[in-house]
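The values are calculated or read from the model by the stated rules, or taken from the named source; none is laboratory data. None of these values were measured; they are calculated from a predicted model. For neighbour counting, all protein chains shown are included, and Cβ atoms are generated from backbone atoms with ideal geometry for every residue, glycine included. Just the protein is used for accessible areas: all its heavy atoms, side chains included, with ligands, DNA and RNA removed. Shrake-Rupley method; radii C 1.70, N 1.55, O 1.52, S 1.80 Å.
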Amino acid sequence: MWFKNIQFYKFEDDFKLTSQQLHEKLEGRKARDCGQMEMACQGWDKPLGRTGQMLVHEAQGALMICLRREDKVLPASLVREQVADEVFKIEQEAGRPVGRKEKNDIKDQVLQQLLPRALVRASHTYACILPQQGWLIVNAASAKKSEDLIEVLRKTLGSLNVVLPATGESPESAMTRWMMNDKAWPQGFTLEDECELQAGEGAEGIVRCKYIDVSSDEVRAHVASGRRVKKLAMNWREHLSFVLQDDLSVKRMRFDTAIVDEAGESADDEASRFDADFSMMVAELAGFIPDLLAALDMDV
């Protein structure tokens, strides 16, 4: 299990639950199938999937959890068509127009009729807790998906004091500064071949650069004209390639193949491979996050 996109948060208080204690808490909101008349439902699932027994997977002191969500799939075009049919029928039979409120009531009725027959789409959001380092790391491409997991976890545990890290310099300012000065690059990080520049005062539009030398004079001229760096592809110590976003999220993570292969060499089956991958990933993230925050002038 190698995370691809992460949003990470700092615990304000020590996380003291053991793996067993956390498992017992999560059982109170365990994943289940959606009811016939439910649009969506979510709950905690086994990180190891069918081969797992626990709702928490522990490795090297880190805790992996998984939020499973089911959503009913109802094509909007189908709902609109059936609502339009019902509205037309009423207008023809009653000889009167159908108002907005009545249309909304008809839509609710149509949804109730379609829900029991709707297809179900399942999705999983994984997160890991690093109690010793005080981090909650969510494998999610959007802040909303990450916040959804945190909200369910907060309701499950009763409280969850996590916050986004406060940095001395904003990622946008830091990335813009790094782009303009080779000597400003933080230790352990190197520039890769992608960036996104957004208009600042006196500039227009967005410039997206990919598969080119983003430290070239041509790209730097855009920054010098007032554009700010919103996304920047970087590499950390030859262990991890990623794209840093201006909201401090980390996207499109690619761990070095040597690290991934090393984890797989010790695995004999699916469960042991999951455990090896998780252990190796946690070790890398435990070093990467403090280095990233230090680059943004934050003591960790």
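Please say if the stretch 1-94 is rounded, prolate or oblate, where rounded means a/c under 1.5 for a ≥ b ≥ c the square roots of the C-alpha gyration tensor eigenvalues, and otherwise the choice is prolate for a/b larger than b/c and oblate otherwise? Here the stretch 1-94 falls in the prolate category. Cα centroid separation, the stretch 1-75 to the stretch 237-290: 20 Å.
Rounded, prolate or oblate, given the Cα gyration tensor of the chain, with a/c below 1.5 counting as rounded? Note, shape of the chain comes out oblate.
One decimal place: the segment A76-E218 gains 46.6 nm when fully extended, by the rule 0.36 nm per residue minus the C-alpha distance.
The residue list L74, I289, H23 was ranked by how far each Cα lies along the charge dipole of the chain toward its positive end, using unit charges on Cβ atoms, and L74 comes out on top. Between S279, Q245, C209, the Cα set farthest toward the positive side of the dipole of the stretch 202-300 (charges on each charged residue's Cβ, about the Cα centre) is that of C209.
Using the Cβ of A59 as centre and a radius below 14 Å, the other residues enclosed give a net charge of -3, where K and R count +1 and D and E count -1. Taking the Cβ-Cβ separation of A283 and K144 as r and a Förster radius of 22 Å, what is the calculated FRET efficiency to the nearest 0.05? That pair, A283 with K144, gives E of 0.15. A Förster radius of 35 Å, combined with the Cβ-Cβ distance separating K30 from K103, puts the computed FRET efficiency at roughly 0.35.
Classify the stretch 156-255: rounded, prolate or oblate, from the alpha-carbon gyration tensor (a ≥ b ≥ c, eigenvalue square roots; a/c under 1.5 rounded; otherwise prolate if a/b is larger than b/c)? Judged from the Cα gyration tensor, the stretch 156-255 comes out prolate (a/c at least 1.5, a/b above b/c).
Largest GNM mean-square fluctuation across I259, I106, I212, computed for the chain with C-alpha springs under 10 Å, falls on I106. Per-residue ellipticity at 222 nm from helix content only, as computed over the chain with -39500 (n - 2.57) for each DSSP H run of at least four residues, stands at -12000 deg cm²/dmol.
Roughly how many Å² is the accessible area per residue of the stretch 89-172, as a whole number, for a 1.4 Å probe? Roughly 58 Å² per residue, with all protein chains present.
With a Förster radius of 30 Å applied to the C-beta separation of N235 and E265, the computed FRET efficiency comes to 0.80.
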